[in-house]
Amino acid sequence: MPPPVDKGQGTGWSRLNAALMPDYTPQAITFWWLMVGLGGGVLSACAVWLLQQPWTVALQMAVGLALAVGSGLFPVRVPGTKHSFAVGEVFIFLVLLMIGPAAAALVAAGETGLGAFRTSRRWTSRLVTPAISGLSIWSSGSLLQWTLVRLEAAGGASAAAVAAAMMAFAALYFVVNAVLLAGLQRLKRGEPWFRLVAPVVALRWVGMAYAGSAALATLLYVTYRQQGSGVLWVMVPLLAMLLVTLHFYFRQQEVHEALRDASSSAAAREAVLMLRETEATERHLKALQASEYRFHSAFTHASIGMALLDLDGSLLQVNAALARLLGRSAAELQRCRVQDCVLADDRAALEGQLAATRHAGFEGFALELRCQHLDGGTVWMALHCGFFTEPGADTARLILQAQDVSARRRAEAGLQHMAFHDSLTGLPNRRRFVECLAGVVARQQTDGSRPWAVMFLDFDRFKIVNDSLGHTVGDALLQQVARRVQERLRPGDTVARLGGDEFAILVDHIEGERDALVLADRLLDALKQPFMLGDVELIASASIGITFSTQGYTTAEAVLRDADIAMYKAKAAGKARYAVFDASLHAAVTERLRLEGDLRHAIERGELRVEYQPVFALGAADAIAPGTLSGFEALVRWQHPQDGRLLPAAFLHLAEDSGLMLGLSDFVLQQACQQVRQWQLADAAHAGLGLAVNISAHDLGSPALVARVSRALSLSGLQPQHLTLELTENILMSHIEAALGALTALRQLGVKLAVDDFGTGYSSLAHLSQLPIDSLKIDRSFVSQLQRNPADAAVVSAIIQLGGTLHKTVVAEGIETAAQMDQLRQLGCGFGQGFHLATPLSAAQASAWLHDTGGARH
């Protein structure tokens, strides 16, 4: 046993350790602090990560924690043994697979922390158990995540591989957790650390349960990935129902067995009960004595301020920490009320809380307020107060805990400034500007006699400055711009940096629109003056969009949106000028918003249609006879309920800007794959029909592109070699580095790739020869000029020759005349499509055409 610790002597650190861990050896104390520090650091980092996630992630974690904690309330005891198990780890492992190690660490720490609160009264156990649990699962889970990423990159992330990795992770997590917890216990008893094999082996049954839980979690995760989240809403309640049923069944068996044993020895049982009652009474008395000793020790040696007080706030007893916080002696404090130590401005809040203690239902309060230090300084304190009942006391007392939070309050004040101001220019940032703008918009609703205007300012050539002179010079330019703009404003105006080279100005209390226009001219003239950045002289111009309160705004966001639209109008008109938002721009924005809103529901309402344009062989390409149908290109159309049939040019840009492009692409891909597969199955002559589907830059940048394509193929049964994904030349070349990995993965899947609108952009031949591209599609703009423009004919001929040299199929788009088709055939073009060959057909029309003609050109 370790030697007793003298709690009345030593430093504050030693007294704290003596109060918390009187029975710990020095090695155990060091190890405890190490585990709490490491675990707390990991959990803090995980909490910061969680604050940056969408609220849905926190909701999923809360559900996982609730399920893990709830399952712990219904353990299933294995008949004939002392062992029991619960499926709480299943839900923790499922959170790990679905969200990641940070989320799993928080959920595991929460579950073990709540368990420790139920089973232990010691704060040492309540703190170290979740810390070790969070540290163990985070470290093991990070290794698992790294392994799964490597498996997926290597193409080996099958369900079996994930299950094997998860079971290995569970074993590692069990060993790390068991070693750390058992190691702490051995150090506490003064036993050697290295003799840990026996305790860990003794818990091997628990390790086996962890492995089973990991396998079950993998099964749920794989099912979720394949079938969607709906399957979890079915399987998880069934699993919980099974667990509860088994729990109560085995409990009933234990009760029946106990009753049978009791009926055979009633007298013995009565004696045992009396003995247990006596022992329980003795333990209760000892616990009361120990509790009183611990409270007195904790109160006296606590590092935070503590006090006992009457309901009116009179201080009856204070500890040394509280006296130090206020710069007074304990004797001085016990002659006054706690309100006397609080600044006058905050005293009313404390008085109100103390008055509430006399009302029924009061349980306690927490409050942050300012207290007066004896030296005249101000101390921010976090107060926590609740009832305290002493044995034998006639009246209730309050126990108060006070913690110095001055440093946090100062940091929060600094963060408050940082949160609302731009760090580069010192100007208000977007968040602060929106708040100010929201205030004047709200004022306008009740008082329209004080008009205002908002200017949106954007530099015309700032990107050139950054790219040519570097970001340091660009930052210096922004700082000078900020000062120059501020110098031209009136005292009541507000200028903010919204981000990048965008500034906004709130011009309040104007007499008419002319005031804002004069200010805009003054700003444009000021910005045209040269800026000196070291030895470099720069002349910068800006475009300004202006909108006025007379537009009748109800939100700050709408004001900024319209000012931004007006700014783009100024840029389109030649830059270095201002433009005013007017009714025509408003009508255009309204129409755009209407279409965007309708588009969000177009898929679910069944308004989108897929049409199919046949693609034919023009010459003896790939051993296909001329005139043979090789496949279809899928084209999306929108049958709008009011506007009628809309072509892609009318709504695809809305889908890209509003984040709907991925959903729209998935709809077209799945519909077209299923339809072409139906045609293949309907007639053996069409078994080789191909399908071409366009994908956007958003699709190419999606990390789940390969998985989305695989899902569409799997659901439809279409073979990968029958699907061609088309990307425009500009999209491909502008995303060349990021796209290479996805394109390679698609080719490995068996999908073909084509460059659409080839010749309209700029393709590096070095890139083109190295990219996994199967075909080139000649843009219709060249095909339409074949007969009239020799230069376009030369371009088409060059593309066809390039395709042949690079062993890539060439497809001509927009063939509208027989002459164009004949010339393309003479030039050696392999395939073509266009109105001369066949117009785009609906699914029903294409089915009838295939049935009637067998796919022959008409």
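The values are calculated or read from the model by the stated rules, or taken from the named source; none is laboratory data. Model, not experiment: these values are computed from the prediction. Ideal geometry is used to build each Cβ from the backbone, glycine not excepted, and the neighbour counts take in all protein chains shown. Ligands, DNA and RNA are excluded from the accessible area calculation, which covers all protein heavy atoms including side chains. Shrake-Rupley method; radii C 1.70, N 1.55, O 1.52, S 1.80 Å.
Could you list which residues have their amide H under 5 Å from that of L498, counting only those 5 or more apart in sequence or on another chain, with H placed in the peptide plane?
F503, A504
In what order, largest first, do S120, S140 sit by accessible area if the probe radius is 1.4 Å?
S120, S140
What FRET efficiency comes out for the pair W49/D521, r = Cβ-Cβ distance, R0 = 56 Å, nearest 0.05? Let's see the in-between values first.
Details: r = 49 Å, r/R0 = 0.88.
Computed FRET efficiency for W49 and D521 comes out at 0.70.
For H698, tell me the accessible area in Å² from a 1.4 Å probe, rounded to the nearest 10.
80 Å²
Just to confirm a number: summing +1 for Lys and Arg and -1 for Asp and Glu over residues other than V783 whose beta-carbon lies under 11 angstrom from that of V783, what do you get?
That works out to -2.
Could you give the C-alpha radius of gyration of the range 617-687 expressed as a fraction of 2.2 N^0.38 Å, taking N as the number of residues it contains? Let's see the in-between values first.
Working: Rg = 16.5 Å, N = 71, 2.2 N^0.38 = 11.1 Å.
The reported ratio for this selection is 1.48.
At a Förster radius of 22 Å, what calculated FRET efficiency corresponds to the Cβ-Cβ distance of E513 and R450, to the nearest 0.05? Before the final figure, lay out the partial values.
Details: r = 14 Å, r/R0 = 0.64.
Computed FRET efficiency for E513 and R450 comes out at 0.95.
Just to confirm my numbers, what's the Cα centroid distance between the range 528-582 and the range 794-829 in Å?
Result: 47 Å between the Cα centres.
Hey, what's the Cα Rg ratio for the range 544-688 versus the globular rule of thumb, 2.2 N^0.38 Å?
Details: Rg = 22.3 Å, N = 145, 2.2 N^0.38 = 14.6 Å.
Its radius of gyration relative to the 2.2 N^0.38 Å reference: 1.53.
Tabulate in residue order the Karplus-calculated ³J(HN,Hα) for the range 31-41, using 6.51 cos²θ - 1.76 cosθ + 1.60 with θ = phi - 60°, rounded to whole Hz; enter x for Gly and Pro.
Couplings: 5, 4, 5, 4, 5, 5, x, 5, x, x, x Hz.
Ordering Y578, Y568, Y221, Y612 by accessible area with a probe of 1.4 Å, largest first, what comes out?
The residues order as Y568, Y578, Y221, Y612, largest area first.
Whole-Hz Karplus ³J(HN,Hα) for the range 629-645, in order, using 6.51 cos²θ - 1.76 cosθ + 1.60 and θ = phi - 60°, x for Gly and Pro?
Coupling constants for the range 629-645: 6, 9, x, 9, 9, 7, 10, 8, 9, 10, 8, 6, x, 9, 8, x, 7 Hz.
Could you run the Karplus curve 6.51 cos²θ - 1.76 cosθ + 1.60 with θ = phi - 60° over the range 164-174 and give me ³J(HN,Hα) per residue in whole Hz, x for Gly and Pro?
Values per residue, Gly and Pro as x: 4, 5, 5, 5, 5, 4, 4, 5, 5, 4, 4 Hz.
Based on alpha-carbon centroids, what's the gap between the range 141-173 and the range 419-459 in Å, whole number please?
Rounded to whole Å, the Cα centres lie 50 Å apart.
Applying a 10 Å radius around every beta-carbon, put 29-37, 525-533, 557-565 in order of their mean neighbour count, most first.
Output ranking for 29-37, 525-533, 557-565: 557-565, 29-37, 525-533.
I need to check one value: relative contact order of the range 350-471, counting alpha carbon pairs closer than 8 Å and at least 6 residues apart, in percent.
12 percent
Could you list which residues have their amide H under 5 Å from that of Q317, counting only those 5 or more apart in sequence or on another chain, with H placed in the peptide plane?
L308
Taking a probe of 1.4 angstrom, what is the accessible area of L715 in Å², to the nearest 10?
Looks like 100 Å² after rounding.
How large is the accessible surface of K569 in square angstrom, using a 1.4 angstrom probe and rounding to the nearest 10?
Solvent-accessible area, nearest 10 Å²: 80 Å².
Based on the Cβ-Cβ distance of Q339 and S142, what FRET efficiency does E = 1/(1 + (r/R0)^6) give at R0 = 41 Å, to the nearest 0.05? Intermediate values should be presented prior to the final figure.
Values: r = 51 Å, r/R0 = 1.24.
After rounding to 0.05, the efficiency reads 0.20.
For the pairs K569/K777; K463/K569; K528/K569, flag any whose C-alpha to C-alpha distance is greater than 25 Å.
Details: K569/K777 35 Å; K463/K569 19 Å; K528/K569 20 Å.
Checking Cα-Cα distances, K569/K777 exceed 25 Å.
Summing +1 for each Lys or Arg and -1 for each Asp or Glu, what net charge is found among the other residues whose Cβ lies under 14 Å from the Cβ of Q339?
That works out to -2.
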